[in-house]
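A short worksheet on the structure shown next.
Nothing in this text is a laboratory measurement; each read-out follows from the coordinates by a stated rule. Everything numeric here is computed off the predicted structure, so don't read it as measured data. With ideal geometry, Cβ positions are generated from the backbone for all residues, glycine too; neighbour counts draw on all protein chains shown.
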Amino acid sequence: MSIYLDCNATTPVSPTVAELVTYYLREEFGNAGSRTHEFGLSAKHAVEKARGQVASLADADKSEVFFTSGATESNNIAILGLSAEAIKSGKRHIITTPIEHKAVLEPIGYLAKNGFDVTYLNVDQSGIVNPTDLKKSLREDTLLVSIMHINNETGSIQPISEICKILEDHGAYFHIDAAQGYGKYPEELTNSRIDMLSISGHKLYAPKGIGALIVRRRGFSKIPLEPLMFGGGQEKGLRPGTLPVALIAGLGLACSEAQEHYLEWRNKCQKIKTSLLDILLPLGAKVNGENSASHVLNISIPHVNSEAAMVALKGIVAVSNGSACTSQNYTASHVLEAMGYDEERIDGAIRISWCYMTEELPLKDIQEKIQRLL
């Protein structure tokens, strides 16, 4: 059976997290909104404990954590939820990048069709935003800056601290899609200048279907987000619907485990990355993007098509050639296109991603299979 190397699409679930989720599904199955009996109170306690665990990774207050179905929903709430404020304030300018996940680009695209002005910051082949470009793009009517933490295709890490410094004296709300970095590179995400953080459980060893949006207060003021759905008072009215207690408990534990072990896990991931580079660079592999995270590697090998490489590696390792969210209808990577790579390099791009649970890799077999394609 293949060794799984597509953790940027989804990670395996931590065994202890799976155990806890099963416990709440089978034993403590109460509704957190039921206040008249111990089943509901126990569920509410589990939710509030998890809220604190999620918040702790970003040095936020647990009252600033809102549970969602995942980062896609969190991104939509953070972006579209500011529409009413834009109308009220007259601020309709948004700054983002062309390498964002579709869950950011499409909501912003929707706003652009409805009268908003959008500035897309250029990125070069490094995949890194130039903070100076952000500074030049800020306007009095800039409402929102949305820049991801770690790119899901290249793993490039954006200069979050520098961006926060530029935004220190500007009132624009700063949103980060932190799906790929939350619990892996938490250091910069504790910056209080970050107004909103989107999180996805299944990128962090928790189950699919659960995530969170952290919405920091500015002093005593709340960010004026409006709900996108209606029908209940859950999550202070921002995200109605019965809370999935088991999934929330699992996300909380996953965050707690990550907070304790992220440095150890990161070091293990870096060793895997080094071992892969040792066998791929001699084959002529070109790394796509710079300053990439320890758990992801995006490469192109001259004259090797990504589809052919994936077929050759079938049964050995499972890799991908882009974002899982758009893989049903494969199109050229909008990320690599925005970075300015040519068609051959984009067509040959392979994304390899792993985690602390990844088994020892059959490096010799990988090298030999790709060598035969040259």
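Results, tabulated for the structure shown:
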read-out	value
GNM top mover of E359, E257, E337 - the chain, alpha-carbon springs below 10 Å	E359
Cross-link reach list, lysines versus K222, counting only Cα pairs under 17 Å and skipping chain neighbours closer than eight places	K62, K88, K236
Sequence-separation-based contact order of the chain, relative, with Cα cut under 8 Å and 6+ spacing, percent	25 percent
Spin-label zone in segment 208-243 - amide nitrogen under 16 Å from a point set 7 Å from the Cα of S34 along the C-beta vector	242-243
Compactness index (Cα Rg / 2.2 N^0.38 Å), segment 47-195	1.01
Two-decimal Rg to Rh for the chain - Kirkwood Rh, Cα set	0.98
R0 of 25 Å, Cβ-Cβ distance K222-N122: FRET efficiency to nearest 0.05	0.15
Packing rank of 196-208, 267-279, 96-108, where each peptide gets the mean count of other beta carbons within 10 Å, highest leading	196-208, 96-108, 267-279
Computed lengthening from L281 to K364, 0.36 nm per intervening residue step minus Cα-Cα distance	28.5 nm
Sites E307 and H261, calculated FRET efficiency, Cβ-Cβ separation with R0 45 Å, nearest 0.05	0.80
Beta bridges per DSSP with both ends in the chain, % antiparallel, nearest 5	55 percent
Residue-averaged [θ]222 nm for the chain, counting only DSSP H segments that reach four residues, each worth -39500 (n - 2.57)	-11000 deg cm²/dmol
Burial order of peptide ranges 73-81, 141-149, 14-22, 173-181 (average beta-carbon count within 10 Å, highest first)	173-181, 73-81, 141-149, 14-22
